[in-house]
Amino acid sequence: MAQRIAIRHPWRTGGADARRRQAARALTLTVGFAGGSRVERSRRLPPGASAHTDDLRDLAYDLLASLGLQRARVRGLALRCDDLVDATAVAEQLSFDPERAHRLTAEKAVDQLNKRFGPRTAGPAATYRHGG
């Protein structure tokens with residue numbers, strides 16, 4: 001359950017940052033537990049600032065894994081982008097990984113579709129509910 005939520009949040013967060021033309025330098029994950037206690041973890045993005053879904057999702061997974069939750073009764077997750085900067089001021093890192101380049105190209109196409117036809121028109125298949 002927590003991993004499914006962690007998949008959805010960076011996608012929504014990254015999409016919101018892209019629409020606002022902002023990039024995040026850090027993420028903060030807040031986890032609420034059944035007893036009412038909360039834990040918060042923050043971490044900076046290794047490549048600097050980014051609004052790319054892959055970078056945000058990978059860091060969200062790292063934050064979640066760093067908590068070492070095994071059988072915890074999680075009641076809520078919140079993911080927040082911190083230290084926002086103007087996306088036009090962020091340098092684009094070249095990648096020799098063709099899969100990453102394809103994902104970034106697809107992300108741009110999804111952003112254009114959502115801009116033209118409305119939010120959540122298109123997105124990762126993992127974020128849509130299965131019919132039935």
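The values are calculated or read from the model by the stated rules, or taken from the named source; none is laboratory data. In this text, all values refer to a predicted model and were calculated from it rather than measured experimentally. As a convention, Cβ positions derive from the backbone with ideal geometry for all residues, glycine included, and neighbour counts pool all protein chains shown. Heads up: the accessible areas ignore ligands, DNA and RNA and are worked out on the full protein's heavy atoms, side chains in. Shrake-Rupley method; radii C 1.70, N 1.55, O 1.52, S 1.80 Å.
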query: What number of residues within the range 92-119 are closer than 25 Å to Ser42 by Cβ and either without any contact (Cβ under 8 Å) to a residue 24 or more places away in the chain or more than 19 Å from the chain's Cα centre (by Cα) (or both)?
result: 1
query: open to solvent by 100 Å² or more (accessible area, probe 1.4 Å) and in a strand (DSSP E or B), is that true of Arg116?
result: no
- prompt: Which number in (1) in contact with a Gly (Cβ under 6 Å, 6 or more places away or on another chain); (2) under 27 Å from Arg103 (Cβ atoms) marks the one condition that Leu63 misses?
  reply: (1)
